[in-house]
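Let me begin by presenting the structure, written as structure tokens, before commenting on it.
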Amino acid sequence: MPQLGDSLTLPCGVTIPNRFLKSAMTEGLATPAGNATERHQNLYRTWAEGGAGILLTGNVMVDHRYLERPGNVIIDDNGGEDALRAWAKAGTAAGNHLWMQISHPGRQCARIVTNQPVSPSDVQLSLMGNFGKPRPLTAGEIPRIIERYAHVASVAKETGFTGVQVHAAHGYLISQFLSPITNQRTDKWGGSLENRARFLLAVVAAVREAVGPKFPVAVKLNSSDFQKGGFSLEESQQVAAWLDEAGVDLLELSGGTYERRALFGEENDTDASGEQLRESTAKREAFFLEYTGAIRSACKMPIAVTGGFRSRELMKKTLAAGEVDVIGLARPLCSQPDVVARLIEGNTDRASEVEHELRLGNGWLGPNSRIDSIKGLNAQAGVAWFYRQIVAIAEQKPVRPNLGAWRALFEHFRDEYRIGLRYRKLRKQR
Ligand SMILES: Cc1cc2nc3c(=O)[nH]c(=O)nc-3n(C[C@H](O)[C@H](O)[C@H](O)COP(=O)(O)O)c2cc1C
């Protein structure tokens, strides 16, 4: 029976030192041109010392014109290889792995970056007017984007990252291809599941080709989008089987999109097919665990599950029962960067719970406000709190457990607009 501190050998032959994966968290710490900085080194050195066998970077962008957020690291003819090397060295300081998450935001690209993002089809994300109407990608552009993913993977390998993860979850470009809601194409990239999954499988094949057979290639996939008519659990099961055949080393399961924030265990009032549940299910720990069995039965590759794991007991139990191979953790590592080492040693029973208390207020100002923009602001305040802890660690300052939601939101917007404006200025010059 596997234990939390046991090593795991991946299909590519590489061994990871224990069963914890620090899931990807966008840092927003890059220069306006998208180069890594010393702050990345500080942050990832701290996390490396914190004990997780694998650290995932935040999503690294494949195209400087389309970002998940200003301050993303970009690999697109913008130099910065030495900075990547320094980051990789610091992030593997404890003999752990550091894998680069590779992504393209598609339509989930804020207006501060562009008014016209790209997507499989022109289905706009309507969230407080923050996202422009996307332009459908032409058939000629799609193979070029696949090459971009492969290029970033080869740069990751060359600069010392020890693996890569293709981000196919959370409503970003690959996830947009997978969903029948956002992919309404009638060519070979849309329609049947086989066609909608073609982009993901082509990206994985190109990435594998770029890094060779002995380098870890992982994929983060939604167990479901939790949207009626969206990418479903049954579809996820089939895609997992295809990824297994494609030689993926680790499948990380998550769920949801910007519209259905299931990844954070929120709005869990639908089942995996998007059907409304009569009563909102009680908030569970490890929200996607109940869907893992179905996906696991369809494939042999190791599986990680991320989202809500907090108690050592549940982590130990699911691992021992063979339900998962690796435990993914994200938010707890923002305020407790060393929590993994303590969980492995048995010095703590739980990872941080603070995320459940983050809100701008109660009643109409609370996270269940009937006013959509208040709901949206609450969601942003929740995430902003974690962004601010990341900045604190990166600047080698103490974490700020008492930071209020309003303060976090203010500081986040202030920095985001500052770097966003510098990014736009640079874009005009490029
Ligand atoms: C501040 C922050 C940034 C995130 N950025 C990313 C990202 O870049 N890529 C990604 O796949 N998921 C991202 N996520 C989602 C996490 O990887 C994870 O799936 C989610 O937080 C649920 O896990 P948890 O309950 O352990 O926090 C982010 C989450 C947070 C809180």
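Considering the stretch 162-212, its Cα convex hull presents a mean projected area of 3.8 nm².
Would the stretch 340-430 count as rounded, prolate or oblate if I go by the C-alpha gyration tensor, calling it rounded below 1.5 in a/c and otherwise prolate when a/b exceeds b/c, oblate otherwise? Here the stretch 340-430 falls in the oblate category. Taking label points 7 Å from Cα along the Cα-to-Cβ direction, Gln116 and Trp406 give a separation of 4.1 nm. For the stretch 165-171, just list the computed ³J(HN,Hα) in residue order, Karplus coefficients 6.51, -1.76 and 1.60, θ = phi - 60°, integers in Hz, with x standing in for Gly and Pro. Values, residue by residue: 10, 8, 8, 10, 10, 6, x Hz. Once backbone amide H atoms are built at 1.01 Å from N, Gly71 has no partners under 5 Å, excluding neighbours fewer than 5 places away on the same chain. Panel values: the stretch 8-357, Kirkwood radius from alpha carbon pairs, Stokes-Einstein at 25 °C and 0.890 mPa s, translational diffusion coefficient 123 µm²/s. Rounded to whole numbers, the Karplus 3J(HN,Hα) couplings from phi for the stretch 382-398 are x, 5, 4, 4, 6, 4, 5, 5, 4, 4, 4, 5, 5, 9, 6, 10, x Hz, using 6.51 cos²θ - 1.76 cosθ + 1.60 with θ = phi - 60°, and x at Gly and Pro. Computed over protein heavy atoms with a 1.4 Å probe, the accessible surface of the stretch 8-357 works out to 34 Å² per residue. Projected label points at Glu141 and Glu285, each 7 Å from Cα along the beta carbon direction, are separated by 4.5 nanometres. If R0 is 56 Å, the Cβ-Cβ spacing of Leu426 and Met1 corresponds to a FRET efficiency of close to 0.60. For the stretch 8-357, carbon and sulfur atoms together expose 48% of the accessible surface, with a 1.4 angstrom probe and every protein chain in place. Computed extension length for Asn362-Gln396: 8.9 nm, one decimal, from 0.36 nm per residue of separation with the Cα-Cα distance subtracted. Stretching Ser126 away from Glu49 to a fully extended chain increases their span by 23.7 nm, per 0.36 nm per residue minus the current alpha-carbon distance. Convex hull of alpha carbon positions in the stretch 1-110: directionally averaged projected area 7.7 nm². The mean sequence distance of close C-alpha pairs (under 8 Å, at least 6 residues apart), as a share of the length of the chain, puts its relative contact order at 16 percent.
The values are calculated or read from the model by the stated rules, or taken from the named source; none is laboratory data. It should be emphasised that the depicted structure is a prediction, and the values quoted were computed from it without experimental measurement. Don't worry about glycine lacking a Cβ; one is built from the backbone with ideal geometry, like all the others, and counts go over all protein chains shown. Side chains included, ligands, DNA and RNA excluded: accessible areas come from the protein's heavy atoms. Shrake-Rupley method; radii C 1.70, N 1.55, O 1.52, S 1.80 Å.
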